[in-house]
Amino acid sequence: MNCRRMKKYVPLLSGGGLPAQKGKRIRAHFERCPGCGQEAREFEAALKAAKHLAVADTPEDWSQAGWRKMMAVITSEKVGRRKVVIAISFKPVLAAGLALVLLAAGAFFLLKKPANEPGRPSSPSALAAAAQVRPEEISSVTIVSQETGLKIIWFFNKDLDLEKFGK
Amino acid sequence: MSDQEKDLVERVLSGDTAAFELLIAPYRKPLLGLAYRMSRNSEDAREITQDAFLRAFKYLRNFDADKSFKNWLYKILVHAARNFQNKRAREERVLASGPVKEAAARGSLGPEKGLERRELRSRLMDCLDVLTPREKEVFLLRDIEDLTIRESARILGCSAISVRVHLSAARSKIRNRIKSRHPELMEGNK
């Protein structure tokens, strides 16, 4: 452990607040590095001084009569009833609702069949009828997107040229 | 929570209000001390502590007997002190525009006597002045009241990591302040 990292840990080590294992490693560093050891001692001295100041300066307590009076005021109050709290956490409910909406939207788009454009033939036989050729002369390749369900159909004539359909 | 405390809580809840005094008696001075260090004034400290005891009495039924009664009281006190300070800050903002400002400031100093005590107090307050409110709370709970980091975190309603971060910053600031302004205090404690 180097001195730069040590600076981070010294304040916590001095008054307690670090795991024992880490404390051991830091103390081992102090043996090798007098500068860090000196800093740790300064921290300890400063904390002791602050504690000494705090303990020495005590507030004025209630007088016996004042304390009795205060207790009488406090105990004249009613002890409140236990609050019955129906703990509905809105976060999980909202998250579940959102997940449900997303799921429904996803299912809708996945299962929805793309509507054929009116006037466009979607099968070789329909195209053959439209182009006034025999169905055997037309072949097709269909590509369906797994993600969006989009369907693209390519029609070829007997020379394997892309067939223009319609008029 | 000790069996004796559990018994006293049961007694208070069943209507024996005198048991409440016995229940809070061990915490009277520590809570008053913490309130004093947070508020810097004996009168305010008594007011804050009274408010904390009143809340503890009113909400005793909500206290979970499996948890520490001491930590519960500390938590109530820290909240009461925060509320008090917010209220005081609002009042001071209003008073700051009027002629009563000086009188209010005098009143908030409190009637403490004795030069030595005032000196001690001013040194402590000078050290605590450099801290942010959260650093001050963490420092007072961990280093002055000797609570653990986990207890401090529960009382303040934050994580142990947050307590460590604020504690580290608070100790660094206190050390720098004592070193620069009150080095004689460190000499005596080395």
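Rule-based calculations on the coordinates, nothing more; no lab input. A quick note: this is a predicted structure, and the numbers were derived from the prediction, not measured. When we count neighbours, we look across all protein chains shown, and the Cβ atoms used for this are built from the backbone with ideal geometry, even at glycine.
Between 0 and 90 degrees, rounded to the nearest ten: what's the tilt of helix B:69-95 against the longest Cα principal axis of chain B?
That helix lies at roughly 50 degrees to the long axis.
For peptide B:57-67, how many partner chain Cβ atoms fall within 10 Å of a residue's Cβ, on average?
3
Which of B:ARG175, B:ARG181, B:ARG90 comes first, and how do the rest follow, when ranked by fewest Cβ neighbours within 10 Å?
Fewest-to-most ranking of B:ARG175, B:ARG181, B:ARG90: B:ARG90, B:ARG181, B:ARG175.
Between helix B:115-128 and chain B, what is the angle of the helix's C-alpha long axis to the longest principal axis, kept within 0 to 90° and rounded to the nearest 10?
The angle comes out at about 90 degrees.
Evaluate Rg over Rh across the range A:3-56, taking Cα atoms for both radii and Kirkwood's formula for Rh.
When Rh is taken as the Kirkwood radius, the ratio is 1.02.
Return the inverse of the average 1/r over all pairs of distinct C-alpha atoms in the range B:112-190, which is the Kirkwood hydrodynamic radius, in Å to one decimal.
It works out to 13.4 Å.
Using a simple charge model, +1 on the beta-carbon of Lys and Arg, -1 on the beta-carbon of Asp and Glu, nothing else, what dipole does chain B show about its Cα centre, in debye to the nearest 20?
Result for chain B is approximately 740 debye, rounded to the nearest 20.
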